[in-house]
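Inspection log for the structure reproduced underneath, given as structure tokens.
Derivation of every value follows stated rules applied to the coordinates shown; laboratory data play no part. Since the structure is predicted, the reported quantities are computational estimates derived from the model, not experimental observations. Ideal geometry is used to build each Cβ from the backbone, glycine not excepted, and the neighbour counts take in all protein chains shown.
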Amino acid sequence: MNGLEVIDLARDAIFTLLLISAPMMAVGLIVGVAIALLQALTQVQELTLVFVPKIIAIFLTMFFTLPFIGDVLNGYVSGIVDRIVTG
């Protein structure tokens, strides 16, 4: 394995990580902005009001995107195994 293959493998790993985490990060961002807007409009500065809905939304997103995450990870690992087998 030369340097170009290692860089290609690292690039694929980073792309896979971004692809897997993007839905949860987007939902966390949207929920965070909505809660911040609600807090700014009502001037209720409760700290738990930010974390609890965000955690619940991210957990639900993770639950619903688990098949997608499994497929992406399966494809990535299959690519690595193919590279190991072919040399």
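For the chain, what does the relative contact order come out to in percent, with C-alpha contacts under 8 Å and a separation of six or more?
Working: 30 pairs, mean separation 35.9, N = 87.
Over the chain, the number comes to 41 percent.
Which of THR61, THR86, GLN39 sits closest to the plus end of the dipole of the chain, meaning its Cα is farthest towards the positive end, when Lys and Arg get +1 and Asp and Glu get -1 on the C-beta?
The listed residue farthest towards the positive side: GLN39.
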